[in-house]
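Data block below; observations after.
Each value in this text was obtained by applying a stated rule to the coordinates, not by laboratory testing. Keep in mind it's a predicted model, so treat the numbers as computed, not measured. Cβ: placed from backbone, ideal geometry, glycine included. Neighbour counts: every protein chain shown.
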């Protein structure tokens, strides 16, 4: 009764449009993002369309047609959108409908209708049909018509590609409110989970190991605002390569038994690939998995098992590549591994426990790695983008199109970011290691978008009297604090995971130096005097940096009368 | 707010502060780098809002807080605060059949329009105020009578079946129809009546009485709806209490039968009452008269138009006939005149020809039949006359005229002869006569 009286709320969804799989999510009225399952109950809906007779199949059904009807099954088309035929890498589409040149772009030739000439479907057209099916699934699930959506794309999607995607979506009647970057959406999915109005400042590495490609991005999260610092892509590393490891493994086993190579027959290969993908997924959850395929090749059935350890060994090379990608992106951002506060693993392949533990190993133990294998509270890596998109969609659902346009305009997004961390020097007579020390408490980290404002409360003084507030710009430095050998062993013993395998040992021996990142004063910006602070009184300091880098300090004694305020004039921009 | 570190404190100041003010600037901040923020997340949207409207943090905080406060106010529109009179508070809960449940919950201004949400909120508010534990805590007497009333009201209003039964007999929600003699705006008089009666309709939406701008179709649909009104109104609420099982079974059945009969009777009465209400409304509805009048006017207008058209057509036909007759007459007259003219001309031509012929004959005679002096012998005369006659027959009227004109005034015989010979030759040359036919003139 009361529902109808409320103003009509727009129904918006988030779509993660992937090369291999897509997912859709919505935000419930209490602000929680949740994935939507399609009619078949899949939350990860394969981005595949297949045409058999007069029927169009979508998702998992279409994917199974890769075996029977590969010529009329369109898959892995996302990355072809808006590219010329010369620029695309058709490797992934080898076992499905082959891309062909069509005018300026790429198309597929498929038999849409039985007994009819094959028709040419442009990538945009395929995208439209795919999004239409996603939209229908969402509408069925929610029981409402969908008014708009937010779609995620990789960071290397060009402006033209975004525009085409937006048009393709509009062609099936779904308004695109905004197109956002996948790693940012993943980060938003985690940030939105924290129930605080002041999210902590942190530098996050989002590693997205997808079906066909791997992307790494470093994002500065400052007060809930995100800035992409560096990105790195590997287009030839992804879940398919992990599948291929198993394909090779089982093929060898099959050859040994039946003297036939299932990889030589396309149909057998397609069958084997599909099953290996399922086996790989099982291995992420349990320590061993079975595979059984009827009539794999030469009329022989195939049954076998594989355990996780075997798989980890086989895929070690690939894991190493992922680790290499992580290291290279950190280097690209001009940072040190220790500067990364959090690693978010996204994408289906991130379920692999070994991958997560390898990532955890290269980072210091203080760095949180968000993956199911390392953190039981982690979100499902496959769902991150869709969740983030759904959250963003719910945030801007009530906005006018013009409002969104203005808010995402470069005039608003391009913002000065602090080059150096700004902090206040604090003092301890004992310090962390038992001797008196001064250290910098960082208020505003480097790469914080201005205007920005932070507040912190300190112990004013241990003895009473006047207090000096020294505002400084700081720098981060790596200091070699390698402890003596025997101490190090002890430290490692406590840090290491229980499930570490034998092959970790070599790495531990290689890793000799312990590098500590410390924040040191680079230059003093200003000093302020706060008079007559009594012992035990607390001092609240607020630093406010305006858009033109005007720094304003406001310090006051909590519950007291004393206070000081000062402004450092900014630069003329 | 938590302290950053209990171990660390701010720097102790030097005993001597060398600067005049409490704030001393040494350097500026380093040059910033310009980067693209990701337009995602609530904090970015706040940033965009500040930047687009050029607000500072504190300004934005204030504006957003003000907006939120407004939203909270908007969300709670129905502040339920009806005064509770002493009569209501001292009601006996056993007499619940006669209590006004809406008034007990303080929502008597909504009555049947109250939503479940409103009822729930009103109940909660009343419970917070009248809970017996609260009264006991406040040192009051152990009196939970009104609380029982509240619970009973809630029990009835939250059960859809019971609420309908109560709403059916809730006379406070009825609006008395105006008397037949009532004067004034009939729309103001009748609209509330039908709105209140419409609450019993099984069919929704209920058409409104409307106003003087309603179309004929609307009004007809309205009366059609009300004459075929499908009501859910029931009268169980007024049933007499059925005695318990342990009493006389016959007595129980008797009461049940009585209740059933009473219900049916009330229902019939209610249907009849409603029918009378609709009849009254129909009788008072000036719109129907207006529509009838409009229809008549329309009919009349059509008739007048048709007649005018007929008249115009008749007139046109008449005019056309007259015109035709006149034209015929004129044509006939012209024909006659031309005929007469032709006759006259013909006669004139005849006369002229006769005259010319005479001139020709006379010419020959005057020239003594071209015989020189002395009387011409008869055969010459005959031949000359024959030739002249032949010439005359060969010449048409105009040539005859020309020849006659040439002859006029000529006295000399040779001249006359040459004229005649010329004309003979002319007629021979154009082939109308043969040379041999002429007996004498050409020799």
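Structure notes:
- The stretch between residue B:315 and residue B:24 holds 93.6 nm of extra length on full extension. This uses 0.36 nm per residue minus the Cα-Cα distance.
- When all alpha carbon pairs of the stretch B:200-257 are counted in 10 Å bins from zero, the resulting P(r) reads 19, 27, 17, 16, 13, 7, 1 %.
- Cα-Cα separations in the stretch A:130-264 greater than 19 Å, expressed as whole percent: 67
- Span from the the stretch A:383-432 Cα centroid across to the the stretch A:1-80 one, whole angstrom: 29
- Mean projected area (nm²) of the alpha-carbon convex hull when the protein assembly as shown is viewed from all directions: 101.1
- When only Cα pairs below 8 angstrom with a gap of at least 6 residues are kept, chain A shows a relative contact order of 12 percent.
- Cα-based Rg and Dmax for chain B, where Dmax is the largest Cα-Cα distance (Å): 63.9, 189
- With respect to chain B, whose longest principal axis is taken over its alpha-carbon atoms, helix B:42-53 is tilted by about 60°.
- The C-alpha atoms of chain B define a longest principal axis, and helix B:186-197 lies at about 50 degrees to it.
- Relative to the longest principal axis of the Cα atoms of chain A, helix A:316-332 runs at roughly 40 degrees.
- Over the stretch A:41-132, the fraction of Cα-Cα pairs per 5 Å bin, rounded to whole percents and listed from the shortest bin up, is 3, 16, 26, 27, 18, 8, 2, 0.
- Kirkwood analysis of the stretch B:85-148, using all unique Cα-Cα pairs, places the hydrodynamic radius at 12.6 Å.
- Working from label points 7 Å from Cα in the Cα-to-Cβ sense, the residue B:191 to residue B:265 distance is 3.9 nm.
- Anisotropy class of the stretch A:300-394 from Cα gyration tensor, a/c 1.5 cut: oblate
- The label-point distance for residue A:365 and residue B:304, in a model that sets each label 7 Å from Cα toward Cβ, rounds to 10.6 nm.
- Cα convex hull, the stretch A:95-205: 178 Å³ per residue, rounded to a whole number.
- Between the beta carbons of residue B:134 and residue B:241, assuming R0 = 35 Å, the FRET efficiency works out to 0.60 to the nearest 0.05.
- Ranking of B:126, A:273 by count of other Cβ atoms within 10 Å, fewest first: A:273, B:126
- Estimated [θ] at 222 nm from DSSP helical runs (n ≥ 4, -39500 (n - 2.57)) normalised by residues in chain A, nearest 500: -9000 deg cm²/dmol
- In chain B, helical runs assigned H by DSSP with n ≥ 4 each contribute -39500 (n - 2.57); averaged across all residues and rounded to the nearest 500, the mean residue ellipticity at 222 nm is -20500 deg cm²/dmol.
- In the stretch A:218-307, Rg over Rh equals 1.23, where Rg is the alpha-carbon radius of gyration and Rh the Kirkwood radius from pairwise Cα distances.
- Two-decimal ratio, the stretch A:243-354, of alpha-carbon radius of gyration to 2.2 N^0.38 Å: 1.31
- Cα Rg over Rh - chain A, Kirkwood: 1.03
- Distance between the pseudo-spin-label points of residue B:179 and residue B:330 (7 Å out from Cα toward the beta carbon): 8.1 nm.
- Longest to shortest principal axis, alpha-carbon extents of the stretch B:330-443, angstrom: 63, 28, 22
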